[in-house]
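What follows is a single structure, written as structure tokens, with notes after it.
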Amino acid sequence: MNQSFLETYINYILSRVDYVLLKFVTSVFVSLVGIVLFSLFLTTFLRLGAVVKVLPVVIAFFSCMAAYYFIDKTRDRAKRKGLLSILAGVTTSMVAFWVLNFIFRELVDAWVLGIFDFVVFVAVGAFFSEIGASVAIRYFKLQKR
């Protein structure tokens, strides 16, 4: 088969990147896109103040999903699953805080999220990513039986 230069280059880059790191970045990116899209969807129906109050629930769900997705894709390749899944949830919540803050800044021309929201996002992301990872680990142990 003839591969184009771009396909060859992408395959070369992907062969050099660690599989676990790639799945980590993918899980964080997919969760971040979900958070942003769902938050923007909520802004069409709710006031921005109400959306900010609902954001910890959105962060909780997508952090849980990021950890579950990461464990699902790496299975036995990752050595410290618990730590990496918590890191995935915390990274998702931290990046989501900054992205949403910049988006909301463009919408209302003011910083909507503060430092307290950042602390809540990180705490919620860490806690619920641990729950997502533990659910994934238990589910895959049940499947092996």
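We did not get these values from a lab; they are worked out from the coordinates using the rules stated. This one's a predicted model, so the numbers in the text were calculated from it and none came from an experiment.
Data for the structure
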| read-out | value |
| --- | --- |
| Helix axis angle, 48-74 relative to the chain longest principal axis, alpha carbon, degrees | 10 |
| Under 24 Å between alpha carbons - lysine pairs in the chain that sit 8 or more apart or on different chains | 12 |
| Orientation-averaged projected area, Cα convex hull of the stretch 70-123 (nm²) | 4.3 |
| Phi-based couplings in Hz for the stretch 21-31 (Karplus 6.51, -1.76, 1.60; Gly and Pro marked x) | 5, 4, 5, 5, 5, 5, 5, 5, 5, 4, 5 |
| Distance cut-off 22 Å, percentage of C-alpha pairs in the chain lying past it | 46 |
| Relative contact order [Cα under 8 Å, 6+ residues apart], the stretch 18-144, whole percent | 34 |
| 3J(HN,Hα) from dihedral phi, the stretch 94-111, Karplus parametrisation 6.51/-1.76/1.60, rounded to Hz, x for glycine, proline | 5, 5, 4, 4, 5, 5, 5, 5, 5, 5, 5, 4, 6, 6, 10, 6, 7, 6 |
| Semi-axis lengths (Å, descending) of the ellipsoid that matches the C-alpha gyration tensor of the stretch 25-85 | 29, 10, 6 |
